[in-house]
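First the structure, in the form of structure tokens, and then the observations on it.
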Amino acid sequence: MLLPTTSVIAAEYQSFSDVSYSRFDAKHSHSNFYGVSTRYFLDKRASLGPLNEFEYINTISNVSGHYSHSDNSDRYNVAGELFLNDFVIGGGYSYTDYDSSFINDSEKHYNANLGYLISENFIVHANAGKVDGGKTNYNFSSSYNHQLNDKDYIGFTFNTDDDFDYRHLSSKYYKSLEGGQYLTLGLNYQNHRDSDNYLSGNINFYFNEKTSVFAGYDNYTFGAEYFFNNNYSLNARYQSNASSHLSDLDIYSVNFTAQF
């Protein structure tokens, strides 16, 4: 007698493109943000089950571009990563043009990145970033992935600056459940020498590989994502910082993604 089994054939993708809209509602003002972005990988990436979940540490060379427009600014960004054996070389450039009653100027930002893949589950990076006319800032990061089985994992990433004034530790847990369902849990801890500690978390539950809901805290976040087929998806979310000491801010966002 054969027992029914649930199996998912991994989908593979090389390009990811997004069109997004966000509305920021503050107590005395509001603003609109529009964005278009694309990222192309030189080899295929295999999904882990859900069509928007992939390996924790990327090791595939890629290039990306992004444009965003708000009520008072336009921003253009290009970036890339090249993996050569166990080394990764990356860089990026962004240009922002401001146009408002407070500022009418532009800003250029450059960054360069050098990394080394110690193993397939452990990578380190050194990054240098500079705003045109400003000083160069250095940041360092490391990511480690502990594979629990063929698909499940728990990953950790640590970031800091060269003075060790800023420290950020994040973790992600990915779990395949019975019946073709999935779960991810995320935790973020930030510490800055001149400010309070900050802790936040998030959860994603996948009913199947195409449909999911998610929530987050410290900033309250709720949302859902749905894939119409293997290539097109729609994501909608609401976010509020009412739990913080800052002025209340509500963010409504919608994002359409095409991946091939």
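The values are calculated or read from the model by the stated rules, or taken from the named source; none is laboratory data. Worth saying up front: this structure is predicted, and the values here are computed from it rather than measured. Virtual Cβ from ideal backbone geometry, glycine too; neighbours counted across all protein chains shown.
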Does at least one position in the stretch 143-165 carry a residue that is basic (Lys, Arg) and not in a loop (DSSP other than H, G, I, E, B)?
no
How many residues of the stretch 35-77 are closer than 14 Å to Thr257 by Cβ, aliphatic (A, V, I, L, M) and not in a loop (DSSP other than H, G, I, E, B)? The answer is 1
Pick from the stretch 187-203 the residues that are in contact (Cβ under 8 Å) with a residue 24 or more places away in the chain and surrounded by 14 or more Cβ atoms within 10 Å (Cβ to Cβ): which of them is nearest to Asp150 (Cα to Cα)?
Gln190
Go through the residues of the stretch 177-186 one by one and say whether even a single one is surrounded by fewer than 16 Cβ atoms within 10 Å (Cβ to Cβ), under 16 Å from the mean Cα position of the chain (by Cα) and more than 25 Å from Ser212 (Cα to Cα).
no
Which of the numbered conditions does Ser31 fail, given that it passes all the others? Conditions: (1) assigned to a strand (DSSP E or B); (2) under 23 Å from Asp161 (Cα atoms).
(2)
Residues being in contact with a Lys or Arg (Cβ under 6 Å, 6 or more places away or on another chain) and among the hydroxyl-bearing types (Ser, Thr, Tyr) - total across the stretch 164-197
1
Would the stretch 70-79 turn up any residue that is closer than 21 Å to Val19 by Cβ, among the charged types (D, E, K, R) and at pLDDT 95 or above?
yes
